[in-house]
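Enquirer: Here you go, one structure.
The values are calculated or read from the model by the stated rules, or taken from the named source; none is laboratory data. Predicted model only: the values in this text are computed from it and were never measured. Every residue, glycine as well, gets a Cβ built from its backbone with ideal geometry; the counts of neighbours run over all protein chains shown.
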Amino acid sequence: MLPLILPTAVAAEECFDDPPGTVLFPEEEACLVRAVDKRRREFTTVRRCARLALGRLGVAPAPLVPGERGAPSWPAQVVGSMTHCVGYRAAAVAPASRMWTIGIDAEPAEELPEGVLDSISSADERAHLAALARLRPEVPWERLLFSAKESVYKAWFPLTHRWLGFEEAEVEFDAAAGAFRARILAEDRPVDVFAGRWTIASGIAATAIAVPRTH
């Protein structure tokens with residue numbers, strides 16, 4: 001699912017359950033001292049996905065501990081992103097020599113809780129979603145917008161190490177092409193626009209951004 005919306009230079013692995021037998025590094029276990037079972041399963045399986053993806057790049061297994069603002073600490077010369085939601089975990093990585101940044105996100109393909117849309121979108125974005133809903137009513141556009149903005153943030157943070165609010169990215173979807181563009185409104189930005197792709201399958205709405213080093 002997610003590999004279909006990422007460039008071939010990106011190694012992506014995904015999982016729809018939590019296979020037993022995944023062993024964490026001690027440094028990773030230390031992050032789970034107070035974790036509930038749900039958190040432990042998500043944390044463990046998404047790192048299984050990450051290690052499988054890294055293995056496809058020839059990178060040996062290593063601890064992947066949360067760093068600043070919870071962003072994964074990737075091995076040297078690797079860029080990547082992780083995501084997990086109910087029934088889905090995934091990771092995407094690439095050589096830093098090939099990709100500048102990666103951001104992926106997955107969400108349940110269902111409506112957002114009441115009141116959330118207003119807090120994450122502009123009036124223009126809400127009008128855009130309403131038009132899309134008339135064109136493709138089967139797509140959960142509000143949830144897809146949330147996912148796209150999460151992918152934007154995950155692609156933004158490694159470049160800046162700064163917060164990016166929902167109001168600082170304006171997203172426009174291409175319903176026919178399965179693509180989107182996110183215009184960055186923050187000051188002192190290293191990029192004006194992120195281009196990404198989206199898909200919906202198996203009850204999951206997923207978005208992905210991968211910016212080539214030549215960008």
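Enquirer: Could you go through the stretch 145-162 and let me know if any residue there is assigned by TED's automatic domain parsing to the domain that holds residue 184 and in a loop (DSSP other than H, G, I, E, B). Explain how you work it out, then say what you get.
Expert: Kept after step one, since they are assigned by TED's automatic domain parsing to the domain that holds residue 184, are these residues of the stretch 145-162: 145-162.
Narrowing further to those that are in a loop (DSSP other than H, G, I, E, B): 161-162.
Yes.
Enquirer: With respect to residue 150, determine if the residue is within 24 Å of residue 119 (Cβ to Cβ) and modelled with pLDDT under 95.
Expert: On the way: within 24 Å of residue 119 (Cβ to Cβ): yes; modelled with pLDDT under 95: no.
The answer is no for residue 150.
Enquirer: Given the criterion surrounded by fewer than 23 Cβ atoms within 10 Å (Cβ to Cβ), more than 19 Å from residue 207 (Cβ to Cβ) and in contact with a helix residue (DSSP H, G or I) (Cβ under 8 Å, 6 or more places away or on another chain), identify the matching residue among 59, 78. It would help to see each step written out before you state the result.
Expert: Working: 59 fails: in contact with a helix residue (DSSP H, G or I) (Cβ under 8 Å, 6 or more places away or on another chain).
From the options 59, 78, the qualifying one is 78.
Enquirer: Do you know which residues across the stretch 172-196 are touching a Gly at 6+ places or on another chain (Cβ under 9 Å), assigned to a strand (DSSP E or B) and either of a type in the set (Ser, Thr, Tyr) or more than 13 Å from residue 211 (Cα to Cα) (or both)?
Expert: 179, 180
Enquirer: Then there's this: State all residues of the stretch 1-29 that are in a helix (DSSP H, G or I) and farther than 23 Å from residue 155 by Cβ; if no residue qualifies, say none. Walk me through it before giving the result.
Expert: As a first pass, look at the stretch 1-29 and keep what is in a helix (DSSP H, G or I): 2-5, 26-29.
Scanning the stretch 1-29 gives 26, 27, 28, 29.
Enquirer: Could we say that residue 53 is touching a residue at least 24 places away in the same chain (Cβ under 8 Å), outside the structural domain of residue 144 (by TED's automatic domain parsing) and under 17 Å from residue 199 (Cβ atoms) here?
Expert: Values: touching a residue at least 24 places away in the same chain (Cβ under 8 Å): yes; outside the structural domain of residue 144 (by TED's automatic domain parsing): yes; under 17 Å from residue 199 (Cβ atoms): no.
Spelling it out, it is not the case that residue 53 is touching a residue at least 24 places away in the same chain (Cβ under 8 Å), outside the structural domain of residue 144 (by TED's automatic domain parsing) and under 17 Å from residue 199 (Cβ atoms).
Enquirer: Does the stretch 30-54 hold any residues that are over 16 Å from the mean Cα position of the chain (by Cα), within 24 Å of residue 87 (Cβ to Cβ) and in a helix (DSSP H, G or I), and which are they?
Expert: The answer is 31, 32, 37, 38, 39, 40, 41, 44, 48, 51, 52, 54.
Enquirer: Sticking with this one: Exactly one of (1) closer than 30 Å to residue 22 by Cβ; (2) at pLDDT 95 or above; (3) assigned to a helix (DSSP H, G or I) is unmet by residue 90. Its number?
Expert: It is condition (3) that residue 90 fails.
Enquirer: Every residue in the stretch 7-28 that is of a type outside the set (Val, Ile, Thr) and more than 21 Å from the chain's Cα centre (by Cα), please. Full working, then the answer.
Expert: Initial filter on the stretch 7-28 (of a type outside the set (Val, Ile, Thr)): 7, 9, 11-21, 24-28.
The answer is 19, 20, 21, 24, 25, 26, 27.
Enquirer: Check off (1) closer than 27 Å to residue 165 by Cβ; (2) over 19 Å from the mean Cα position of the chain (by Cα); (3) surrounded by 14 or more Cβ atoms within 10 Å (Cβ to Cβ) for residue 118 and give me the number that stays unchecked.
Expert: (3)
Enquirer: If you check every pair at least six apart or on different chains, which have Cβ atoms under 8 Å apart with a residue in the stretch 124-139 that is at pLDDT 95 or above first and a residue that is exposed (fewer than 14 other Cβ atoms within 10 Å of the Cβ) second?
Expert: Hits for this filter: 126/118.
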